[in-house]
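Below: the structure, in structure tokens.
Every read-out reported here was derived from the displayed coordinates using simple, explicitly stated rules and does not represent laboratory data. Model, not experiment: these values are computed from the prediction. Cβ coordinates were reconstructed from backbone atoms using ideal geometry, including for glycine residues, and neighbour counts include every protein chain displayed.
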Amino acid sequence: MYLPQFQEICEKQGWDFKWSDDGESAYITLMTLPNKHLFIVNKNNFAKEVTALSETYLLDEYAKTSGSCAPIFCEDFAVSAALSALAAALNVAAVEAKTWICTDPDTCQWRRQVGETKFELYDIFEAPDNYFAVHGVVDPAEDLTPSELHQLEDSYDGLLDNSTSESERWALLAEAQFETEEFSAEREVFDTFEEAEASIRAKIEADNIKLPKSDPNDENDELWKLSDALYARDVANGVVKTRLDAIRSLDKLRLAVFLNDIHSNAKDFPSDNLSWCDWLNKPDDGHLLDVEDCSMKQVRVKADDSQTITAIYEFLHDLDNEYSNFSKWYYSTVVPGLASENRIIYTVLDDGKIVAVLILKDSDEKKICTLRVAEHYRCQGIATVLLKIAHQALQCTNPLITVSSIHINEFEFLLKKNGFTLYKKYENYYKQGIVEYAFNGLLPEKQNDCRLSQNVV
């Protein structure tokens, strides 16, 4: 399946994109290197063919040397890295397109892409005496004439004003088309909105669970391994900044040597996820296997550790500005809960200094109450590791977490990447003028206590 996102991804990553005369193939040319490298990719198997190229390029270049031991030029490694990054982005986009996303929580509207410009949607509309769960498939490019498309845009004044790409434009048009045609679409009738919503959620969750999941902590997760190459753009330009970049630039033989060294000398390498994040983020000095001591450690807080409990509050105390009665909630609910184990706290320490905090609720409600990473420690994988810890500690694959509108932009990609689903938006739930986004579940209709959403990653 070809998606408009594919061309956008190519161009964003420095590839020139042109269609063949018959429109059946695309010519993609890497423009970020001194020499141009052209590849021809079939439209209908676009992502698969780029993935195949990324896996075989260096081997093919080596084969051209007639089996000699002639070195492969550095530029070939850069091309290989660029192909891997492109393949990763394409495959992630393909999975994301097939994933149901909530586009309007107020009407329980969900959307996924099932073709180039074809979309499948669910929605709820209210009748005088009942509610209809509506389902249908639309393709505005095929279903509507240019005149009808223009009329649709006019009827939804400003619909495309904030559209930044062709893929987003077709998605918005599909939503508008579906809403205008939902009276004639497939429907189920329910007595209440909640019943209709539950029916839709059951269907979309059954579909989403079939899709590959991207888990950076799963060593067998091929999708994540591929998507991780998205961050290798500096390598594609021949620039190595960190140990992670250096590892990404290794050919298969050198990578095998490196992995064997880890296997044979495990004691000389980091022993937990956060320490590996720390080690990989260190600048590369050309000595990849010279291991430095890793300073970051993850620690579960004990109920009698008053010093750490106080330090955690100091790390989080500015939440008083965002949530009413934060101090009271922390000292009257969280701290006593450590002894009864219905509250769990993990800290991340760097040379003894708190740089991240995770607070969990482990009772009938499985919830990530607070997640914060200090500003200078973000974008190092710490939040992802803490989410993994939350799943393990709560023994729950879909814990509730809420995000305020103040921080939703900081959390949206992280939560989406880790399989969290937006369920509902709440106006003025914790504080006047602030919207609370609930993922993996719903909040009670009435606020009985000071429930905390997570803070800044």
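Overview of results
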item	result
Cα-based shape type of the range 298-439, given that a ≥ b ≥ c are square roots of the gyration tensor eigenvalues and the cut on a/c is 1.5	rounded
Neighbour-count ranking [beta-carbon atoms within 10 angstrom, fewest first] of 338, 360	338, 360
Under the Karplus curve 6.51 cos²θ - 1.76 cosθ + 1.60, θ = phi - 60°, whole-Hz ³J(HN,Hα) for the range 31-48, x wherever Gly or Pro sits	9, 8, 10, x, 9, 7, 10, 9, 10, 9, 10, 5, 4, 6, 10, 4, 4, 5
Sequence of 435, 301 once ranked by neighbouring C-beta atoms within 10 Å, starting from the fewest	435, 301
Distance between the range 354-392 and the range 23-60 - C-alpha centres, whole angstrom	39 Å
Cα Rg, Dmax (largest Cα-Cα span) when computed across the range 101-208, Å	14.0, 40
Least to most buried among 102, 369 (fewest other Cβ within 10 Å first)	102, 369
Net charge dipole size for the range 298-439 [Lys, Arg +1 and Asp, Glu -1 on Cβ; Debye, nearest 20]	420 debye
Vicinal HN-Hα couplings computed from phi for the range 308-315 (Karplus, 6.51 cos²θ - 1.76 cosθ + 1.60; Hz; Gly/Pro x)	5, 4, 5, 5, 5, 4, 4, 5
Karplus-derived HN-Hα couplings along the range 437-442 (A = 6.51, B = -1.76, C = 1.60, θ = phi - 60°), whole Hz, x at Gly and Pro	9, 9, 10, 6, x, 10
Shape of the range 169-214, Cα gyration tensor, a/c cut at 1.5	oblate
